[in-house]
1. Can you give me the distance in nm between label points at A236 and S73, each placed 7 Å from the Cα along the Cα-to-Cβ direction?
2. Put one equal scatterer on each alpha carbon of the stretch 82-151, apply the Debye formula with no solvent term, and list log10 I(q)/I(0) at q = 0.11, 0.12, 0.20 1/Å to two decimals.
3. Within the set K266/K288; K96/K266; K123/K262, which residue pairs have Cα atoms separated by over 26 Å?
4. For K228, give me every one of the aspartates and glutamates with a C-alpha distance below 20 angstrom, ignoring sequence neighbours fewer than eight places off in its own chain.
5. Which order do the peptides 91-101, 129-139 come out in when sorted by mean C-beta neighbours inside 10 angstrom, highest first?
6. Pull out the extension gain between Q59 and V313, defined as 0.36 nm times the separation in residues minus the alpha carbon to alpha carbon distance; nm, one decimal.
7. Considering only protein heavy atoms, what per residue accessible area in square angstrom results for the stretch 232-312 with a 1.4 angstrom probe?
8. With all protein chains present, calculate the accessible area of K267 using a 1.4 Å probe and round the result to the nearest 10 Å².
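The values are calculated or read from the model by the stated rules, or taken from the named source; none is laboratory data. Being a predicted model, the structure only gives us computed values, none of them experimental. Cβ placement follows ideal geometry from the backbone for every residue including glycine, while neighbour counts extend to all protein chains displayed. Note: areas computed on protein heavy atoms with side chains; ligands, DNA, RNA excluded. Shrake-Rupley method; radii C 1.70, N 1.55, O 1.52, S 1.80 Å.
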Amino acid sequence: PAPPSWLFEPLPKHNAGGMRVALCAFAPVAVLAGNPIAKVLELLEGMRSKIVAEGEEEQATYEEYTAWCRKESKGLKREVADAQAQVKQLTATVEKTTASIDELTEKTGDLAASITAAQNDLKDATEVREKENQDYLAVAGELQEAIDTIERGITVLEREMPKGSFMQLVKTSKAVKEVVMGLSAVVQSTAVDAGDSAQLTALLEGGSQGPESSILEVMGDMLEKAQKQKAAADAAEMQAAHDFSMMKQTLESEIATRKAEKAAAKKELAVNQEEKATAEGDLEMANKELSEDRKNLADVKSSCEERAHEWDVSM
């Protein structure tokens, strides 16, 4: 009998050559064997079916593997892209916070220097103001004492002069003696005009030669000048105190403002330092993950390419 038609049908690529050799070897035997041929053909049919099934199974397995390769590669590429984006973002954060830290560090340093300078200015100005006030109190005290002494002296002399000459009253009137003693202290004061002091001294030592009213006129002139000096000193002190108060207010306001700015800058600096530290830690992890993702992608690509090459060779 003639060989069956399936003997010449296309076989699966997998092990197709070996199968065909086996079939060709058995075919003549089957033809020449007479009655046993049916059993041989049945055996060959079983072998053929098994090989076809194995080929189809391996084909399905390979297709499943290639599908996994595509899916895995796609997923790993996405992970690599995400990791790269994260690294870029974290790197930008580190660079930004580093610049902010440098700027804020410089700013806090400048503010600290500005605060110190303003505090030193206020300290120096306070010392000058205290010295000015001490000088004023000394001068004003002497002037006021001189004014009080001269005023009392004029009052006493105007009351006692009608009773006798000045020289007689110096000897007989306790009140006039006290006036002379007080005036002697006044003429020694540096706050009183030197010319007036000399003139009054001459009158006191010379016994007030000339009209009795001369000493009263000199004292009156001295009183007027002392009062003007005192008023000028008071005005100068008020102006100096006002100027210092305004300057102190300005400096204290500046110091307070600078301190507030410094505190805000230090707070912002701390925030940036913390943000930078966190970003640097995250960046280290992101770079590590990126390296692992790239390695995994390369491994999958290599494995899949190797398997594809083996498949092609087996065909």
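1. About 9.8 nm, to one decimal.
2. Ignoring solvent entirely, the Cα scatterers give -0.59, -0.63, -0.88.
3. Working: K266/K288 33 Å; K96/K266 17 Å; K123/K262 21 Å.
Over 26 Å apart, Cα to Cα: K266/K288.
4. Candidates past the 8-residue exclusion: E132, D135, E142, E145, D148, E151, D193, D196, E217, E237.
5. Values: 91-101: 15.3, 129-139: 13.5.
Packing order, densest peptide first, comes out as 91-101, 129-139.
6. On the way: separation 254, 0.36 × 254 = 91.44 nm, distance 1.39 nm.
Length difference between fully extended and current span is 90.1 nm.
7. On the way: 5550 Å² over 81 residues.
Per-residue value: 68 Å².
8. 150 Å²
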